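These notes are about the structure you will find just below.
The values are calculated or read from the model by the stated rules, or taken from the named source; none is laboratory data. Since this is a predicted model, take the numbers as computed values, not measurements. We place every Cβ from the backbone using ideal geometry, glycine too, and count neighbours over all the protein chains shown. Protein only, heavy atoms only, side chains kept; ligands, DNA and RNA dropped before computing areas. Shrake-Rupley method; radii C 1.70, N 1.55, O 1.52, S 1.80 Å.
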Amino acid sequence: MALRALKFASLTAAASGIYLYGNKFLDPNDFGVVRVGRAIATTAVISYDYLTSLRSVPYGSEEYEFLKSQIKELFMSFEDTPLGAASLAQVHKAVLQDGRTVAVKIQHPKVQAQSSKDILLMEVLLLVVKQIFPDFEFMWLVEEAKKNLPLELDFLNEGRNAEKVAHMLKNFDFLKVPRIYWELSTSRVLLMEFMEGGQVNDKAYMERNGINVNEISRNLGKLYSEMIFVNGFVHCDPHPGNVLVKKCPASGKAHIILLDHGLYQVLSESFRMDYCHLWQALIKADMKRVQKYSRRLGAGDLYPLFACMLTARSWESVNRGIDQSPVSASEDMEIRSNAAAYLPQITQLLNNVPRQMLLLLKTNDLLRGIESALHTRASASSFLNMSRCCIRAVSTYQRSKSHSLYRRAQISLTEALSLWQINLHEFFLWLKGSQLGNWVIALLRRMHHFTY
């Protein structure tokens, strides 16, 4: 099996190089020695150089066609044109000999060797800028790159993340995560179940396919609230290319397909609890607790700015209650114009908060971008789902720290009552917006008018 995986890695790496060389996506001079990744083995890691150079293989030559034809030993078909290409890898659609359609993610040649040089260059440039502008506080970028890039370059780690999050969120029947084919995967080539759909920010696609935009936005909020507040294991790259939607022909249900599991953030228990309490305070507009938990998360005296960054709302809206009204065009413009004015304070804040917060801020921004595209931003349902997850997370933590049976029962009862209140509030919101609710309100008004 290891030899089969090794051979597969060699062939797919060759195919990737041939495609890039022939189509001039990259400079042909980049293709010196193409080293494939590690094959899966129980006791050893096998490495092998399949090609020593692609420069000596002329496009369209007999040798070129020979290399390309060898892919057929593992694939019934292999599409040369990638489905998507990024700085680290590209993805091809293929069909195995047994008929399974798969997505083949192939790391670009020399990426691993080049990555350490890129990080060093970034560090040098930031140090130079820091000398010129002493208030420039972005050295944490280097720390995060050093920590996260090696993880993103290890496709086996990506496969493990995919399986972990699929198991963790298995109760959400609308979530689909591609299955990983481990027997044909290496650290630089990942084979997974092929899944397709429209991008999650493509409102026109959803309307054409009869997919409820509000349902998708609500379910996406559920997924991320569960990951952040309950599990503390967060997919941190939810840009539209990594989150697809598709209507199941058999059931008629809309599925959310989560792709690219290379970048995850693991939240510590103490951080997660403080973050839960902070969001509960923000939703309730409890300014004393907003200040308390913002300070605990490193914001210090900049807690108003921190609250605005987390919610993407003005300080006035935070004080009034972020669930009381949607974002207006004037408020959005105010936030954008103030961002430049407060850049020194923002950089100071980013330098002071825990490193775990940095990817969460990025994740929040990407999710808000999706909500803005779907016109569902700051909907009441998203805050209700967050509240549920915060209540469950805090209650679970409190029970784990209590040794009293009575106290644990008390915590469970308080949790049940709080969740019941949220469900009741959600029911009234639904009733208010439904035709039945409008009919009941109209009937009550007529009865009131008749009485007088």
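Structure notes:
- Residues of the range 102-193: accessible area per residue with a 1.4 Å probe, Å²: 51
- Peptides 162-168, 127-133 ordered by packing proxy, namely the average of other Cβ atoms within 10 Å per residue, highest first: 162-168, 127-133.
- Ordering of 242-248, 303-309, 323-329, 335-341 by packing is 303-309, 242-248, 323-329, 335-341, highest average first (other Cβ atoms within 10 Å, averaged per residue).
- Residue pairs, from the table 117/362; 170/222; 93/147; 203/284, whose Cα atoms sit over 20 Å apart: 117/362; 93/147; 203/284
- At full extension, residue 352 and residue 208 could sit 47.2 nm farther apart than now, given 0.36 nm per residue minus the alpha carbon distance.
- J(HN,Hα) series, the range 151-157, from Karplus relation 6.51 cos²θ - 1.76 cosθ + 1.60, nearest Hz, glycine and proline x: 5, 5, 7, 9, 5, 5, 5
- Backbone geometry of the range 103-120 corresponds, through the Karplus equation with coefficients 6.51, -1.76 and 1.60 at θ = phi - 60°, to 3J(HN,Hα) couplings of 9, 10, 9, 10, 6, 4, x, 6, 5, 4, 5, 7, 4, 5, 5, 5, 5, 4 Hz, x marking Gly and Pro.
- With 0.36 nm allotted per residue and the present C-alpha distance subtracted, the residue 97-residue 407 stretch has 105.7 nm of extension available.
- Positive-end residue of 221, 189, 128, charge dipole of the range 101-225 with Cβ unit charges: 189
- Largest first, the residues 237, 80 sort by 1.4 Å accessible area into 80, 237.
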